[in-house]
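For reference, the structure is listed below as structure tokens.
Please treat every number below as a calculation from the coordinates, not as lab data. Please read these numbers as outputs of a predicted model, since none were measured by experiment. No Cβ is skipped: glycine too gets one built from the backbone with ideal geometry, and neighbour counts run over all protein chains shown.
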Amino acid sequence: MRRFHVASAFALVTVLFLHGCASVDPRPDYEQAQREIRQTTGQSDVHDPDAPVLTEEEIADVLADGLALDEALRLALLNNRRLQAEFLGLGVARAEYVQAGLLANPSLSLAFLFPDTGGRVRWTADLAGSVAEIWQLPARKSLAQAGLEQRLLELSRFSGELVAATKTEYFESVAAREARSVGEASLELARRSLAGVRKQVAAGVATKTDESLAESQALGVELAAQRTQREEASATRKLAALLSLEVDLLATKLIDPLPTPAWHSLPREAFVEASLARRPDLRAADKAVAAANARAGLARKQRLPDASAGISSERPEGGGESDFFIGPMGTLELPIFDQHQAQISRAEFELAQLKKEREALIVEARQALWAALDKAEIAARSANLSQEQLLPQAERSAKLAEKAYQLGDTTVLTLLQAQAAVQAARRTLVEALLEAALTRIEVERAAGTPINAATYTTP
């Protein structure tokens, strides 16, 4: 009989040990995250934590002949250190899920009692584990699974924001470089005009007032050119930071220009509803509610008193009828002071809070998407107006002013004003094109996915 009890105890310990043998493999989570990110960003190359990172030589090869927008987006999704850190967070979430499926380790207690009269030592041994965890296990795993899925969707949302920010800084840099070119051309023109006025003053054709006006214009244009240089440096540094590059991008050519301000009407309601259904942050909010619901269910199960069960064995002092005793043992918590009412209430309040926050997020996302669509359409029309009418009109006026000045029909002040209007129109066009590009990016950010040509419908 004693052999049977010992064998049973050994079998129980073996089963518990095998149940505790669990490994953490986040590979399926990485692959799911990559699929989500590809859908959110429209990019095929996504960071893989198990693959080697880009080397300095590979990055140098990308930048050797300039940096295109697609190359910048690829570098962002492969090389951004914060994105890489977020991927490792999936490993943390997977480890938490595995941990949630494990039972707590059993406890072993030993006692050795020495008789004061001498003789054989009496000892007792108890092996016990929590029984309450058995019915808590499904709720714990459900809670951890919801947290893992929420973390995955948050990673997808982070990647979408990273792509949007990369596009923004790329176009900001392009616009700053074009503005710098316009500023340098304006400065050269202002200097030539100043030199011409000075010659006219020397010849007695123009006055000192005309010369003073030309000098003021040249100084203002020079200050504006310096401002564009600062803006170019700032935008380019931000772009390099998003790509996690340690090289200087100021000397790197940005290949893609500001996009053409083309915009077509969208079926608004269908587009908004589809966007709300696929936005990662809204889906993550759903998972957060599911996690809170699981947390509340776990809290309710913890209302039951904690119970432990196990095996107790004892070898008595000499002189007894038996040399060894073994049998089941158990302990039961007495819920006298703490009946878990506070924990249950807290979990229920958190669940209600997250539900309200999700409702608010849906309303805010809908309004943000409508506002982004409005801005994008207006910005596209403004850019087209600047490109098709404002700049051509300013250039025609400048040519007429130049001819009139050569014929002596107008003053140098009028000529300078007409030339300054051309440069102002060029700066306005750059700003309008940038605004059109940024508002389109804002639509993509609010929609949670890139807008492709197939998304448009003919107005």
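The figures follow:
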{"read-out": "Gain upon complete extension [Gln389, Gln200; 0.36 nm per residue less C-alpha separation]", "value": "64.7 nm"}
{"read-out": "Test item: Cα-centred dipole of region 42-103, Lys/Arg +1 and Asp/Glu -1 on Cβ, debye", "value": "460 debye"}
{"read-out": "Cross-link reach list, lysines versus Lys356, counting only Cα pairs under 28 Å and skipping chain neighbours closer than eight places", "value": "Lys141, Lys287, Lys301"}
{"read-out": "Dipole magnitude (debye, nearest 20) for region 142-186, charges at Cβ of Lys, Arg, Asp, Glu", "value": "60 debye"}
{"read-out": "Proximal aspartates and glutamates relative to Lys355, as straight alpha-carbon distance under 13 Å, when same-chain residues fewer than 8 apart are discounted", "value": "Asp286"}
{"read-out": "Farthest toward positive dipole pole in region 112-208 [+1 Lys/Arg, -1 Asp/Glu at C-beta], among Leu152, Leu194, Thr168", "value": "Leu194"}
{"read-out": "Nearby lysines by direct alpha-carbon distance to Lys238 (threshold 25 angstrom, same-chain neighbours under 8 apart not counted)", "value": "Lys167, Lys253, Lys375"}
{"read-out": "Region 87-186: GluC sites (Glu not before Pro) in DSSP loop, at most 12 other beta carbons within 10 Å", "value": "none"}
{"read-out": "Region 132-213 - charge dipole about Cα centre, Lys and Arg +1 at Cβ, Asp and Glu -1, debye rounded to 20", "value": "260 debye"}
